[in-house]
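Derivation of every value follows stated rules applied to the coordinates shown; laboratory data play no part. Quantities reported herein were computed from a predicted structural model and do not represent experimental measurements. So basically every Cβ, Gly included, is an ideal-geometry build from the backbone, and we count neighbours across all protein chains shown.
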Amino acid sequence: MDVDTAKGAAGAAGRDEYAKLSLGERIGYGLGDFAQNLVFGTVGGFLLLYLTTVNGIASATGAFIFTFVRVFNVFWDPWVGTFVDKHIFKTGKYKPYLLYAGIPLVVFAAMLFYPNPAVRGSVPFAFLSYLATAMIYSFVNIPYGSLNASMTRDPGEVDKLTTTRMMLANGANLLVYTLFPMFVQMAAPSDRSLKDTGLFGLKLNLGNYTASDAGDAWFNVYAVYMVLGFVALMASYFTVKERVVATAEQTSEVKYSDLFAELKNNRPLRILGLFFLVAFTFMFFGNTVFGFFAQYNVNHSEWMGAIGLVASVPGIVFPVFWPRLRNIFGKKGFFYFFLGMFIVGTLLLWVWSWPSMHDRLWLGYIARFIHQWGLSSATGFMWALVPEVVSYGELRSGKRESGVVNAIMGLFFKLGMAVGGAIPGFINGWFGFDGDAKTQSAKALLGINLSMVWFPVVLALLAMYIMSKYPLSEADVDDINRQLDAKRA
């Protein structure tokens, strides 16, 4: 029995598990990722820079804070996933967390950039505020990730859902990695001068956003982002519908040890988890260090907005082609192609950092465009594989534990965030980065290049190898759905 026949069986049983999702519902779901990227993408991309420059914390200390909190999440997330799978609300199983955890999330996140002089340079304040924000974030991120497996089991609809989700997520990335540093520089009070942004001749009066008096600029811009993020979370909450959820009997049987059972018995989960780990590691290497790279290696931080704007196009516009490219290249071939593109773009960024190439704006455009096209595609489409891993686990164990599976995914990708977000800070410290200096030593610049270029290239090659071991083909997924429908009937 193929997928179309399975749809008929499910419909005959009175279920809508193979629902065709409306554009409005797909957009609503995507707004949830849009919101999370505004809130936590900004933290991942810029908090270390803020802490080690504006806030006056040493590079090694900032790196330790990142490492501890993200390693803590490795143990926290499985508990959150189990808690989520064991409980249900009148309004749904997963989506209520967007409301109940979304409100405190935006409040605590804003405190990370709180510019009170009394806490400037305070390691306990930085540590505790980041830890609290990360803990609350798990109660938004894990239920949200579980929603894509509870909205429909139709593989084609999951692909469309993922495509819409990543278009909106990358729209948020435009606001975060492109416009956020520009907005902060526009509001920064020190060393202001008229600078060419590289955006088709646009010149803006920009200040030094790494100066010690730039705290208010960071907080005010981030506060606006938090308001936008909260509105997007609420739009997601009121739009999405849950259709494929665990039965009451399955819910009552969920226990913390199911995490270890899934890891032991679900080989596709283990392999996809390792891919998540490596992918998020090289993603956050780049996200964490690009601000340093543009400021010190290229000496053109004023171009970040223009280059980021151009580089955001593939992630916002091109995801609509992902399902077709998957059909052309195959599931694994899709990842090989775009990981290879990421490597090419990364090497071009290295060329851009050469002293003789610093002023080649066109090279920055091309390098970052190719780099982000490969990165956004490879790390975006991997989320489309999570629902099939959930279904595989349900077939093996008899339990549909989307929360547990997404907690495991969270375990892997947050460990990747921890490694990719923290190691650049340690490298900066080891290579003599000076947050108070306007220029850096050759040794410090080498350290930044290691984090921006060479570690990500090696890790992308490793990700290709890991994906080659992923065992579920399209035929396997169809067969899993057929067997699950037969069991439920």
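Annotation: peptides 140-151, 448-459, ranked by per-residue average of other Cβ atoms within 10 Å with the highest first, follow the order 140-151, 448-459. For region 18-57, the Kirkwood hydrodynamic radius from C-alpha pairs, put into Stokes-Einstein at 4 °C and a viscosity of 1.567 mPa s, yields a diffusion coefficient of 106 µm² per second.
Quick one: what are the phi-derived ³J(HN,Hα) couplings along region 215-223, Karplus 6.51/-1.76/1.60 with θ = phi - 60°, whole Hz, x for glycine and proline? Listing the rounded values in order: x, 4, 4, 4, 5, 5, 5, 5, 4 Hz. The stretch between Val71 and Ala58, if pulled fully straight at 0.36 nm per residue, gains 2.7 nm over its current Cα-Cα span. Phi angles across region 24-31 convert, under the Karplus curve 6.51 cos²θ - 1.76 cosθ + 1.60 with θ = phi - 60°, into 3J(HN,Hα) values of x, 6, 5, 5, x, 5, x, 5 Hz, Gly and Pro given as x. The mean sequence separation of alpha-carbon pairs under 8 Å and at least six residues apart, normalised by the residue count of the chain, gives a relative contact order of 28 percent. If R0 is 22 Å, the Cβ-Cβ spacing of Leu228 and Leu23 corresponds to a FRET efficiency of close to 0.55.
Under a 5 Å amide H cut-off, with hydrogens placed 1.01 Å from N, Arg243 pairs with Met151 among residues at least 5 apart or on other chains.
The distance between label points at Trp79 and Val457 comes to 4.3 nm (points 7 Å beyond Cα on the Cα→Cβ vector). Couplings for region 154-169, taken from phi via the Karplus curve 6.51 cos²θ - 1.76 cosθ + 1.60 with θ = phi - 60°, read 6, x, x, 5, 5, 4, 5, 4, 5, 4, 5, 4, 6, 4, 6, 4 Hz in order; Gly and Pro are left as x. Amide H contacts under 5 Å for Asp154: Ala19, restricted to partners 5 or more places along the chain or on a different chain, H placed in the peptide plane at 1.01 Å from N. With Rh defined as the Kirkwood radius, the inverse of the mean 1/r over Cα pairs, the Rg/Rh of region 29-116 is 1.04. Helices in the chain, meaning DSSP H runs of at least 4 residues, each add -39500 (n - 2.57). Divided by all residues, the mean residue ellipticity at 222 nm is -22500 deg cm²/dmol. According to the square roots a ≥ b ≥ c of the eigenvalues of the Cα gyration tensor, what is the shape class of region 72-171, taking rounded for a/c under 1.5, prolate for a/b larger than b/c otherwise, and oblate for the remainder? Prolate, because a/c is 1.5 or more and a/b exceeds b/c. Applying a DSSP loop filter and a limit of 13 other Cβ atoms within 10 Å to the trypsin sites (Lys or Arg not before Pro) in region 67-114 leaves Lys90.
Tell me the label only: which of (i) 127; (ii) 185; (iii) 312 is volume of the Cα convex hull per residue in Å³ as calculated from this structure? Correct label, based on the coordinates given: (i).
How much FRET efficiency would the formula 1/(1 + (r/R0)^6) give for Thr439 and Phe200, where r is the Cβ-Cβ distance and R0 is 25 Å, rounded to 0.05?
0.30
Taking amide H as placed 1.01 Å from N in the peptide plane, Gly330 has no amide H partner under 5 Å among residues 5 or more places away or on another chain. Tell me, what is the Rg over Rh of region 351-460, with Rh the Kirkwood radius over Cα pairs? Dividing the radius of gyration by the Kirkwood radius yields 1.13. Under the simplified labelling scheme, the Leu347-Asn327 pair shows an inter-label distance of 3.3 nm, with each label point 7 Å from Cα along Cα→Cβ. Extending 7 Å from Cα along the Cβ direction at Leu361 and again at Asp476 yields two label points whose distance is 4.9 nm.
If R0 is 35 Å, the Cβ-Cβ spacing of Leu128 and Phe89 corresponds to a FRET efficiency of close to 0.75. In the structure displayed, which of Lys264/Lys399; Lys160/Lys331; Lys414/Lys487 lie more than 24 Å apart, Cα to Cα? Those over the limit are Lys414/Lys487.
Taking every C-alpha pair closer than 8 Å and separated by at least 6 residues, the mean separation divided by the residue count of region 94-192 gives a relative contact order of 33 percent.
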